[in-house]
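What follows is a short report on a single structure.
The values are calculated or read from the model by the stated rules, or taken from the named source; none is laboratory data. Please read these numbers as outputs of a predicted model, since none were measured by experiment. We place every Cβ from the backbone using ideal geometry, glycine too, and count neighbours over all the protein chains shown.
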Amino acid sequence: MLAFLLITSAVACSTDFDCSLNGVCSAGVCGCDVPWHGPACELLGVQPAPAAGPAYGTNATSSTQASTSWGGTALFINGSYHLYVAELANHCGLGSWTSASRCTHATSASPLGPFTFADVAVDVWCHNPHAVEDVGTGELFLFHIGNGTHTGKVANCTHHGPLSEDPGGSSSVPDSSTLHAAQSPFGPWLPVDPPPPPCNNPAPLRLRNGTWLLACGSRDLLSAPSPRGPWAAAGHLPSASGAWWEDCVLWEDEKGRIHAIFHAYTAQPSPPAPGTCAGNLVSAHVFSADGGKVWGVGPAPPYGNSFLREDGTNITAATLERPKLGFFGAPGVPTVLYNGAAGLPGGEPGCTGTCNHCKLMGWDYTLARALE
């Protein structure tokens, strides 16, 4: 039977479970693994964001949109970092995500960016991309929502004009799928047939024993011998209490334990003035030592929605969502945190509803921060 354990004590530990499975309990004290810290090893050691700005998309202090983007994953291949990111075509804002989002491929010499547009991996409609490499075969897989079916027309949001050709170029994908595969980071990305079962916001993970896991809707777990399937039910992730959890990312740590970070949120009101979303809930962490039968829940969010930049500027995002991790060092040790970030530009009107809904006002970008 599935069981959940809430870690409530941050004063002393009895087992490694009390250390969020991010460290070792010794003499009642948690010794934390990199990049975790805190009394229960519950906090991610997140470094200041690059002063150069976002990894991809517009920046946190301007409503001038070079491009709206909403998170993605990066792979290191042949000496370069390849980001697969949700980008809104034709300068549309995130409010058009169900009709204008595409999965863009961008490159950089750094895992923190800034990333430069390379090509469209999977065209409209494609959202929440998660790229993974099958280290056994070298094949690349791109999990996402949307099936890549492209009509050739999306709204021209720059001029609020009629439907126009997508300026980024159209996809050459011949059919539709929620999973695409390629031999090169530059594609072509071809549909996998059959795709996984219906899976909202898929979060894939290749375990070191070769088994693949796939979290669907941040609730159901599937397993398969390969991204090509066949997929079978493998359990469930824990549900939130007093908040909503969604859009998780899975990983296996260096000791073989499974972890997940969710975007977590409550119905916090929107700010009457910029900056008052400080303290908005944006994350939650769960962990399992037995492959997902018993789960622990961290005693505090692993990160918040306020952060520093390298130039000393303090930024409060209305929300930080779509958590993804980069692993560019020791196996199982995350080194980069990627988020879709919604800014709070000074003087910008019209942010209504909750802090989370500010993202629909068009100040969104992809944030990358190094982990210590």
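Computed values, structure above
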read-out: Subset of region 176-189 [under 18 Å from ILE77 (Cβ atoms) and not small (Gly, Ala, Ser)]; value: HIS180, GLN183, PRO185, PHE186, PRO188, TRP189
read-out: Every residue from region 190-205 that is touching a Gly at 6+ places or on another chain (Cβ under 8 Å) and surrounded by 19 or more Cβ atoms within 10 Å (Cβ to Cβ); value: PRO196, CYS199, ASN201
read-out: For LEU250: the one exception among (1) modelled with pLDDT under 95; (2) assigned to a strand (DSSP E or B); (3) within 17 Å of the chain's Cα centre (by Cα); value: (1)
read-out: Qualifying positions in region 211-239 - over 16 Å from the mean Cα position of the chain (by Cα), at pLDDT below 95 and under 25 Å from VAL336 (Cα atoms); value: PRO238
read-out: Criterion: buried (at least 17 other Cβ atoms within 10 Å of the Cβ) and touching a residue at least 60 places away in the same chain (Cβ under 8 Å) - qualifying residue of ALA100, ALA86; value: ALA86
read-out: Subset of region 218-242 (residues that are within 12 Å of PRO197 (Cα to Cα) and surrounded by 12 or more Cβ atoms within 10 Å (Cβ to Cβ)); value: ASP220, LEU221, LEU222, SER223, ALA224, PRO227, ARG228, GLY229, PRO230, TRP231
read-out: Selection within region 152-176 - at pLDDT 60 or above, out of contact with any His (no Cβ under 9 Å at 6 or more places or on another chain) and assigned to a loop (DSSP other than H, G, I, E, B); value: GLY152
read-out: Residue among LEU308, LEU320 that alone is under 24 Å from ILE258 (Cβ atoms), outside any loop (DSSP other than H, G, I, E, B) and not acidic (Asp, Glu); value: LEU320
read-out: Residue list for region 4-41, restricted to those being surrounded by fewer than 23 Cβ atoms within 10 Å (Cβ to Cβ), closer than 19 Å to LEU281 by Cβ and at pLDDT 95 or above; value: GLY38
read-out: Complete set of residues in region 254-267 that are buried (at least 17 other Cβ atoms within 10 Å of the Cβ) and of a type outside the set (A, V, I, L, M); value: ARG257, HIS259, PHE262, HIS263, TYR265
read-out: Selection count where residues are part of a strand (DSSP E or B), among the aliphatic types (A, V, I, L, M) and more than 27 Å from THR335 (Cα to Cα), scope region 215-247; value: 3
read-out: Yes/no for PRO185 being in a loop (DSSP other than H, G, I, E, B) and either within 16 Å of ASP134 (Cβ to Cβ) or of a type in the set (D, E, K, R) (or both); value: yes
read-out: Residues satisfying the stated conditions in region 101-139, i.e. over 22 Å from CYS216 (Cβ atoms), out of contact with any Phe, Trp or Tyr (no Cβ under 8 Å at 6 or more places or on another chain) and of a type outside the set (S, T, N, Q); value: LEU112, PHE117, VAL120, ASP123, VAL124, VAL135, GLY136, GLY138
